[in-house]
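Data block below; observations after.
The values are calculated or read from the model by the stated rules, or taken from the named source; none is laboratory data. In this text, all values refer to a predicted model and were calculated from it rather than measured experimentally. Using ideal geometry, Cβ is built from the backbone for each residue, glycine included, and neighbour counts are taken over all protein chains shown. Keep in mind that these areas ignore ligands, DNA and RNA; they rest on the heavy atoms of the full protein, side chains included. Shrake-Rupley method; radii C 1.70, N 1.55, O 1.52, S 1.80 Å.
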Amino acid sequence: VTPALVTTLAKFMNQGGVVFLQSDIKEALEAMREKFVEDDGLVFFNEHNDDDDDDAKIDDGTEEYGMTNPLGIPTEREVSVLNQDLSIYRTLF
């Protein structure tokens with residue numbers, strides 16, 4: 001995720017459109033997320049909270065980044081990671 005990508009999405013996405021980010025590496029998701037939250041002091045996207053999701057807890061007991069996949073169809077990597085009882089980190093903007 002680059003600042004140019006975020007700027008382009010912010011400029012051309014329809015009002016109400018969403019961006020779904022997912023990774024099995026928490027630091028990678030956090031790096032992507034930081035690009036969407038703000039750049040040079042400008043907030044590009046508001047992050048959605050998934051407070052009603054009972055499946056939101058992840059290995060360390062926190063709810064941060066633990067939302068259910070909103071697409072409903074897992075990627076091959078997601079299936080592989082979950083089969084190893086590892087975490088998938090997700091957020092939605």
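Only residues that are modelled with pLDDT under 90, loosely packed, with under 14 Cβ neighbours inside 10 Å and of a type in the set (S, T, N, Q): list them for the stretch 60-79, please. Scanning the stretch 60-79 gives Thr62, Thr68.
Across the stretch 10-30, the number of residues qualifying as more than 19 Å from Val81 (Cα to Cα), in a helix (DSSP H, G or I) and open to solvent by 50 Å² or more (accessible area, probe 1.4 Å) comes to 2.
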